[in-house]
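K.L.:
Below you will find the structure I want to go over with you.
Since every read-out is calculated from the coordinates, none of them should be taken as a lab result. Fair warning: this is a prediction, and the values are worked out from it, not measured in the lab. Cβ coordinates were reconstructed from backbone atoms using ideal geometry, including for glycine residues, and neighbour counts include every protein chain displayed.
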There are 2 protein chains.
Amino acid sequence: MARPTINDVARAAGVSKGAVSFALHDRPGVAPATRERILKVAREMGWTPSARARALSVSKALAVGLVMARRPETLRADPFFPSFIAGLETVLSDRGYALLLQVVTDPDKARQSYRRLADEGRVDGVFVTDLLVDDERPALLAEIGLPAVIVGPGIENPYWPVVGADDAPGIVAAVEHLIALGHTRIAHVGGPSDVVHGVSRKQAWCSTLRAAGLPDSPFVETDFSAESGAAATRQLLDLVEPPTAVIYANDLMAMAGLSLAVSRGVDVPGQLSIVGFDDTEIAAHLQPALTSVRQDAIAWGAAAAIRLLELIDGTPPTPIELAPPALVVRASTGPVSTGAAHAAPAQRRRSTRERGRMEKQ
Amino acid sequence: MARPTINDVARAAGVSKGAVSFALHDRPGVAPATRERILKVAREMGWTPSARARALSVSKALAVGLVMARRPETLRADPFFPSFIAGLETVLSDRGYALLLQVVTDPDKARQSYRRLADEGRVDGVFVTDLLVDDERPALLAEIGLPAVIVGPGIENPYWPVVGADDAPGIVAAVEHLIALGHTRIAHVGGPSDVVHGVSRKQAWCSTLRAAGLPDSPFVETDFSAESGAAATRQLLDLVEPPTAVIYANDLMAMAGLSLAVSRGVDVPGQLSIVGFDDTEIAAHLQPALTSVRQDAIAWGAAAAIRLLELIDGTPPTPIELAPPALVVRASTGPVSTGAAHAAPAQRRRSTRERGRMEKQ
DNA sequence: TTGTACGCGTTATCAG
DNA sequence: CTGATAACGCGTACAA
């Protein structure tokens, strides 16, 4: 009982292939009665158009691609992709598009991937994530002629639309929150300087501090890994004048930093306030619960998909509103204390019970 | 400058389409000299076979599908998929297969997804993950006639091969490790009882305890979420006779449990030993560092892909060795102490410095 | 080696 | 206007 073809349906309905195709696409040229009959027969036979025949016929792949270029370690823990993909699906599946996924380990392989997807005609367009400051992919894709949408905080470029709320407001909110709590030495543990969302967060941090008239605070560059987050924290705590607050570029590093601080007997938030980024599921359940910045990855996915399909179809872009990231304040941030962070490790000033307070927002 | 077709190459090389096809597939029937010339021309023109034409021609999709059916929350934090997918790719891309991904929110939608992928002829086979104890998908796929490979600890079934090291040995190792440390009340915070890898872990825990002649220990069923992990821990600590060790079915819950214990002033591992599962990146950087069970998701991916392609091609299965999960012992597990876990919360018996010891393995 | 039918929808052309 | 016919897209495979 193989899948019926459009020919089977046509024969059963006593019409031609063309008539069936027209009927199913609500195209004029078929009498209402005939149309009904065709649709009924098609339904009864359980006919569904073959994506591959269609693809060949319309000269489209009816699929879009997502190439994730990451070191496996950073990918493992990234909370963004699953939600983002779920968001993509909400739009793609309705439109009959499939999502083709590739995971590669370095940017070089990513370029090969794009080339190959284009050469083989596997996809009609692709999403570009984790844009580098000096990223060659947009130009490459333009040269190949493969429509693309850049996802995330992106640098304006002559080639492709950028979809994704700027993450700067989230960092700005975090810095302002800390300033309101009395902090003046607010360090930033940021992502690699070659990644756009690494530098954009850093800039937001930096300019907000300056706007508040505060002196420069320490910055440590990392690769987004837990390891590097811990190392950065160690470095900061060892300063002669350690910061009283640290904003991390992701929750993973914030967690590592929090743990490191605790292991040194530094009270959080008594001696050190900590802010993460991503608002991962675990954030609210840490001890103390982690203040973090939340992004709506699902909405990003939906928006990116809409935009890419428009690009593919040549439809004019519809304006898409994306909510800016929101600061979720929890217990890991608090008023600046008089005691310095490098105080005697063994001592604790607040009972653990006291510290376990509830999420504020 | 559109993509050249096989006809363009044939014309340029002064041969027929068929000759080009033969030359490129290293099939006999083409003189060596001609073959060389054809290959040269094809290379110069930058010709690559069109996947869609090929797919229609060979009546195959040249793609396989992965449908992930999860509540978004549990998916978000799952460290398994990115690595697993990376593993798949290592095999698929070499064989010219693409991976088609779908993320759906409930099992019902998953079934629809499979149906649709099959109906539209989008894929030649699929991977089934997160098998339920009473899962309808294997039978459904058998009925549809869509080749499948079940990934993860799976119940033997009449339909499809199961790929993935049994996760029981990891749990067994964890229980034995705790027993060796003197624990006798070793609780388990397990996954949902309708998921195979939920019950398989539970059974391993249970039978290992019995084999050691220990009395039954408390068990709490969860949905793998941080929230439920924290709740389960609360429940366990509130017991009249709380456990001295807890094995969680994933790191996420273990982290939540660890945090909850800390917030109550329960010393880990002094009063309570904690074991996770997954060995996520953050595990080694927690305070205390988390003992956990590591699985090689990349190897699983590669193995699953190999097996699925064999199934599709009708090739006999090659035996695949998968390393069993390994217990990674860190600081969150220690010798059982005399003090009970429900001791006065505000007190701490060991200085924090003392607790910050190194990963053992 | 070449010529050509085939896979399966889509769409332009044309006769009724 | 209705609907049949045929060409098309692009590689594969088999008969000639």
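K.L.:
Where the label is 7 Å out from Cα toward Cβ, how close does B:Arg234 come to the same position in every other copy, in nm, shortest first?
P.N.:
Taking the point 7 Å beyond Cα along Cα→Cβ, the inter-copy spacings are 3.6 nm.
K.L.:
Another one. From other protein chains only, count the Cβ atoms within 10 Å of every residue's Cβ in A:41-48, then give the mean. Please list the in-between numbers first.
P.N.:
Values: counts 0, 0, 0, 0, 0, 1, 1, 6.
Taking all residues of A:41-48 together, the mean is 1.
K.L.:
If you don't mind, another one. May I ask you to compute the full-extension gain from B:Val133 to B:Asp238, defined as 0.36 nm times their residue separation minus their alpha-carbon distance, rounded to one decimal in nm?
P.N.:
Difference between extended and current length: 34.7 nm.
K.L.:
Under a point-charge model restricted to the Cβ atoms of Lys and Arg (+1) and Asp and Glu (-1), what is the dipole moment magnitude of region A:1-55 relative to its Cα centre, in debye to the nearest 20? Could you put the intermediate results ahead of the total?
P.N.:
Values: 10 positive and 4 negative charges, 26 e Å.
Computed about the Cα centre, the dipole is about 120 debye.
K.L.:
Shortest first, in nm, what separates the label point of A:Lys40 from those of the same position in the other copies (7 Å along Cα→Cβ)?
P.N.:
6.5
K.L.:
Something else now. Compare the peptides A:249-259, B:193-203, A:214-224 by average per-residue count of other Cβ atoms within 10 angstrom and give them in order, highest first. Don't skip to the answer; put the middle values down first.
P.N.:
Values: A:249-259: 29.2, B:193-203: 19.5, A:214-224: 16.7.
Top of the packing list down: A:249-259, B:193-203, A:214-224.
K.L.:
Count, for each residue of B:52-62, the Cβ atoms from other chains sitting within 10 Å of its Cβ, then give me the mean as a whole number.
P.N.:
Numbers: counts 16, 5, 4, 9, 8, 2, 1, 3, 1, 4, 3.
The mean count of partner-chain Cβ atoms within 10 Å per residue comes to 5.
K.L.:
Would you grab the residues whose amide H sits under 5 Å from the one on B:Gly121? Only those 5+ places off in sequence or on another chain, please, with H modelled 1.01 Å from N.
P.N.:
The list, which skips near neighbours in sequence, is A:Ala51.
K.L.:
Along Cα-to-Cβ, 7 Å out, sits the label point; list in nm, shortest first, how far the one on A:Pro324 is from those in the other copies.
P.N.:
So the label point of A:Pro324 gives 5.5 nm to the other copies.
K.L.:
I would also like to ask the following. Arranged from highest to lowest average of other beta-carbon atoms within 10 Å per residue, in what order do the peptides A:8-17, A:39-48, A:269-278 appear? Let's see the in-between values first.
P.N.:
Details: A:8-17: 16.8, A:39-48: 15.1, A:269-278: 27.6.
For the peptides A:8-17, A:39-48, A:269-278, the packing ranking is A:269-278, A:8-17, A:39-48.
K.L.:
Residue by residue through A:115-126, how many Cβ atoms from other chains fall within 10 Å of the Cβ on average?
P.N.:
Working: counts 1, 5, 2, 2, 7, 12, 9, 7, 2, 0, 0, 0.
Going residue by residue through A:115-126 and averaging, the value is 4.
K.L.:
From the residues B:Val151, B:Tyr114, B:Val163, which one has its Cα farthest along the dipole of region B:105-172 in the positive direction, the dipole being from +1 and -1 charges on Cβ of Lys/Arg and Asp/Glu about the Cα centre?
P.N.:
Of the listed residues, the answer is B:Tyr114.
K.L.:
Okay, moving on. May I have the count of lysine pairs in the protein assembly as shown with C-alpha atoms under 22 Å apart, counting pairs 8 or more residues apart or located on different chains?
P.N.:
Details: A:Lys17/A:Lys40; A:Lys17/A:Lys60; A:Lys60/B:Lys60; B:Lys17/B:Lys40; B:Lys17/B:Lys60.
Lysine pairs meeting the criterion: 5.
K.L.:
Kindly provide the helix-only [θ] at 222 nm of chain A, computed as the sum of -39,500 (n - 2.57) over DSSP H runs of four or more divided by all residues, to the nearest 500 deg cm²/dmol?
P.N.:
Details: 14 runs with 152 residues, N = 361.
That comes out to -12500 deg cm²/dmol.
K.L.:
Which angle between 0 and 90 degrees, to the nearest 10, do you get for helix B:168-180 versus the longest principal axis of chain B when only C-alpha atoms count?
P.N.:
Taking the Cα atoms of chain B, the angle to B:168-180 is about 20 degrees.
K.L.:
On C-alpha positions alone, give me the angle between the axis of helix B:297-313 and the longest principal axis of chain B, in degrees, nearest 10.
P.N.:
Long axis of B:297-313 versus the principal axis of chain B: about 40 degrees.
K.L.:
In the protein assembly as shown, with Lys and Arg counted as +1 and Asp and Glu as -1 at Cβ, which of these residues, A:Thr333, B:Val328, A:Leu88, has the Cα nearest the positive end of the dipole, that is, farthest along it?
P.N.:
Positive-end residue among those listed: A:Leu88.
K.L.:
Here's another thing I want to ask about it. Could you point to the residue in A:Ala51, A:Ala139, A:Val41 farthest towards the positive end of chain A's charge dipole, with +1 and -1 charges on the Cβ of Lys/Arg and Asp/Glu respectively?
P.N.:
Projecting each Cα onto the dipole axis, the largest value belongs to A:Val41.
K.L.:
Find out how many positive minus negative residues lie around B:Ile144, taking Lys and Arg as positive, Asp and Glu as negative, among other residues whose Cβ is under 9 Å from that of B:Ile144. The partial results should precede the final answer.
P.N.:
Working: positive: B:Arg115; negative: B:Asp119, B:Glu143.
Overall, the nearby charge balance is -1.
K.L.:
Hey, another quick one. In degrees, nearest 10, range 0 to 90: what is the angle between the Cα axis of helix A:32-45 and the longest Cα principal axis of chain A?
P.N.:
That works out to roughly 70 degrees.
K.L.:
Find how much the distance from A:Gln112 to A:Ser193 grows on full extension, using 0.36 nm per residue of separation minus their present alpha carbon separation; answer in nm with one decimal.
P.N.:
Values: separation 81, 0.36 × 81 = 29.16 nm, distance 2.38 nm.
Here the answer is 26.8 nm.
K.L.:
Pull out a ≥ b ≥ c, the square roots of the eigenvalues of the alpha-carbon gyration tensor of chain A, then state rounded if a/c is under 1.5, prolate if not and a/b is larger than b/c, and oblate in the remaining case.
P.N.:
Working: a/c = 3.10, a/b = 2.52, b/c = 1.23.
Because a/c hits 1.5 or more and a/b exceeds b/c, chain A counts as prolate.
K.L.:
Let me ask something else. Suppose every Lys and Arg Cβ carries +1 and every Asp and Glu Cβ carries -1, with no other charges. What dipole size does region A:118-223 come out with about its Cα centre, to the nearest 20 debye?
P.N.:
Numbers: 6 positive and 16 negative charges, 123 e Å.
Charge dipole of region A:118-223: 600 debye, to the nearest 20.
K.L.:
For A:Asp94 and A:Arg43, what does the FRET efficiency come to when R0 = 25 Å and r is the distance between their Cβ atoms, rounded to the nearest 0.05? Display every interim value, and only then the final one.
P.N.:
Values: r = 20 Å, r/R0 = 0.80.
Calculated transfer efficiency: 0.80.
K.L.:
Work out the FRET efficiency for B:Glu176 and A:Glu36 from their Cβ-Cβ distance, taking R0 = 56 Å, and round it to the nearest 0.05. Write down the numbers at each step before the final one.
P.N.:
Details: r = 69 Å, r/R0 = 1.23.
For R0 = 56 Å, the calculated efficiency reads 0.20.
K.L.:
Can you give the FRET efficiency for B:Thr318 and A:Thr105, using 1/(1 + (r/R0)^6), R0 = 22 Å, r = Cβ-Cβ distance, to the nearest 0.05? List each step's numbers first, then the result.
P.N.:
Working: r = 25 Å, r/R0 = 1.15.
Step by step, r from the Cβ atoms, then E = 0.30.
K.L.:
Still on this structure, please answer the following. Over chain A, calculate the relative contact order: mean separation of alpha carbon pairs under 8 Å at least 6 apart, over the residue count, as a percent. Intermediate results must be reported in sequence, preceding the final value.
P.N.:
Working: 676 pairs, mean separation 56.1, N = 361.
Here the relative contact order equals 16 percent.
K.L.:
Shifting gears a bit: Show me, for region B:325-333, the HN-Hα J-couplings you get by feeding each phi into the Karplus relation (A = 6.51, B = -1.76, C = 1.60, θ = phi - 60°), rounded to Hz, glycine and proline as x.
P.N.:
Coupling constants for region B:325-333: x, 10, 7, 9, 8, 10, 7, 7, 10 Hz.
K.L.:
With +1 on each Lys and Arg Cβ and -1 on each Asp and Glu Cβ, how big is the dipole of chain B about its Cα centre, in debye rounded to the nearest 20?
P.N.:
Numbers: 37 positive and 40 negative charges, 228 e Å.
So the dipole magnitude of chain B works out to roughly 1100 debye.
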